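The values are calculated or read from the model by the stated rules, or taken from the named source; none is laboratory data. Since the structure is predicted, the reported quantities are computational estimates derived from the model, not experimental observations. Please note: Cβ atoms are built from the backbone with ideal geometry, for glycine as well, and neighbour counts cover all protein chains shown.
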Amino acid sequence: MKISARNVLKGRVLFVNDGAVNSEVTMELPGGEQLVAVVTCESAKNLDLKSGSEAIALIKAPWVMLMTESDDIRLSARNCLSGNVISVSDGAVNSEVILELSGGSRVCSIVTRDAVEELGLKPGISASAVIKASHIILAAPV
């Protein structure tokens, strides 16, 4: 599968919580980090998502927000993954920032150069990737 989403995270489904219209799917990444996605019940059924099954989370880089010094902040976004910045590539307006999570998974974010400067993002700095559960597209291996 070739895809334009920069973030392709493989994991294992821990559980699926079905609602009336949407299902909340919690998956575990290789390092133990948990990622929550909200998909329609029909999608969860079509992908045959259930506890123990493999899943792939697809997340476009602009959908990943970054923050630092987040210890005392509570957010409505379900996913807040801590890691270390391993690279920052500057463009004319935006920068690509790559975080490495404790288990080795990498998360790419596209943010403004101003944000990189304001947050002091550079290799070695601790940061968190913030991702809304509704911004995660799930896939299942065939």
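Summary table below
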item: Filter result for E54 (at pLDDT 95 or above and over 18 Å from K132 (Cα atoms)); result: yes
item: Residues of region 76-85 satisfying the condition of being in contact with a Lys or Arg (Cβ under 7 Å, 6 or more places away or on another chain) and modelled with pLDDT of 95 or more; result: V85
item: Single residue of region 57-75 satisfying the filter (over 19 Å from A139 (Cα atoms), within 19 Å of the chain's Cα centre (by Cα) and of a type in the set (D, E, K, R)) that is modelled with the lowest pLDDT; result: D71
item: Residue in region 119-130 that is part of a loop (DSSP other than H, G, I, E, B) and of a type in the set (S, T, Y) present; result: no
item: Matching residues in region 87-113 - criterion: being outside any loop (DSSP other than H, G, I, E, B), surrounded by 13 or more Cβ atoms within 10 Å (Cβ to Cβ) and over 11 Å from the mean Cα position of the chain (by Cα); result: S87, V88, N94, S95, E96, V97, I98, E100, I110, V111, R113
item: S109 at pLDDT 95 or above, under 30 Å from C41 (Cβ atoms) and among the hydroxyl-bearing types (S, T, Y); result: yes
item: One residue from K45, K2 being in a helix (DSSP H, G or I) and either over 16 Å from S105 (Cβ atoms) or touching a residue at least 12 places away in the same chain (Cβ under 8 Å) (or both); result: K45
